[in-house]
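Everything below concerns the one structure shown next.
The values are calculated or read from the model by the stated rules, or taken from the named source; none is laboratory data. Since the structure is predicted, the reported quantities are computational estimates derived from the model, not experimental observations. Here the Cβ is made from the backbone with ideal geometry for all residues, glycine too, and neighbour counts use every protein chain on show. These area figures cover heavy atoms from the full protein model, side chains too; ligands, DNA and RNA do not enter into them. Shrake-Rupley method; radii C 1.70, N 1.55, O 1.52, S 1.80 Å.
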Amino acid sequence: MVVHFLTNRPERTEVGARFSTDGGELVIGSLHRNGDRWVVHFEGVDTVEAAEALRGRVLRAEALDDPDALWVHELLGSQVVDASDGRVLGRVAAVVENPASDLLELEDGGLVPLRFVVAHEAGRVSVDIPAGLLD
């Protein structure tokens, strides 16, 4: 099966990684990279018909315990604050995948690269952005 992983965590693309789907659990039996996608064999999915039945399924994995990581589900709805003056810049409406740096999309459409995040806690993200970024 061809899989496009939306993760930067190498443990998600290793043999034995477990994923839940609406149809049950899948475990990676073997895999290799093909460009930006992966060719994956899931344990027990041994026929073309079985693989076709999984087309379009979303793979979900349990959260990893990493206190330094920024998790999308924790960022959504968070208040974004300028670390230099405490000014509230808005709330995170989405996190946009971008090759250079993923972006916090604010409710007003403003975009803040994640590399400018200097601190985060539940419901609040502090950023150190260059002057004029959101003008």
Phi-derived 3J(HN,Hα) across region 113-126 with the Karplus relation (6.51, -1.76, 1.60, θ = phi - 60°), rounded Hz, x for Gly and Pro, is x, 4, 5, 8, 6, 10, 7, 8, 8, 3, x, 8, 10, 9
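Pop the C-beta distance of H32 and D65 into the FRET formula with R0 = 30 Å and round what comes out to the nearest 0.05.
0.60
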Sorted by chain and then number, the residues having a modelled amide H within less than 5 Å of the amide H of F5, at least 5 places away or on another chain, are W38
With the 8 Å Cα cutoff and a minimum separation of six or more residues, region 1-111 has a relative contact order in percent of 16
Any residue on another chain or 5+ positions along whose placed amide H is under 5 Å from the amide H of A17 is listed here as I28
Among V127, A50, L103, the residue whose Cα sits farthest towards the positive end of the charge dipole of the chain, when +1 is placed on the Cβ of each Lys and Arg and -1 on the Cβ of each Asp and Glu, is A50
A correct Karplus calculation of ³J(HN,Hα) over region 40-54, with 6.51 cos²θ - 1.76 cosθ + 1.60, θ = phi - 60°, whole Hz and x for Gly and Pro, returns 10, 10, 8, 3, x, 9, 10, 10, 4, 4, 5, 5, 4, 5, 9
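What number, rounded to the nearest 500 deg cm²/dmol, is the helix-based mean residue ellipticity at 222 nm of the chain, given -39500 (n - 2.57) per DSSP H run of at least four residues and division by all its residues?
So the calculated ellipticity at 222 nm is -1000 deg cm²/dmol.
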Taking only the alpha carbons of the chain, the radius of gyration and the largest Cα-Cα distance, Dmax, both in angstrom, are 18.6, 59
In the chain the accessible area split gives carbon plus sulfur, as whole percent at 1.4 Å, a share of 48
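Would you mind working out the accessible area per residue for the chain, using a 1.4 Å probe, and quoting it in Å²?
Ligands and nucleic acids excluded, the result is 65 Å² per residue.
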Karplus-derived 3J(HN,Hα) from phi for region 56-61 (6.51 cos²θ - 1.76 cosθ + 1.60, θ = phi - 60°), whole Hz, x at Gly and Pro, runs x, 5, 8, 8, 10, 10
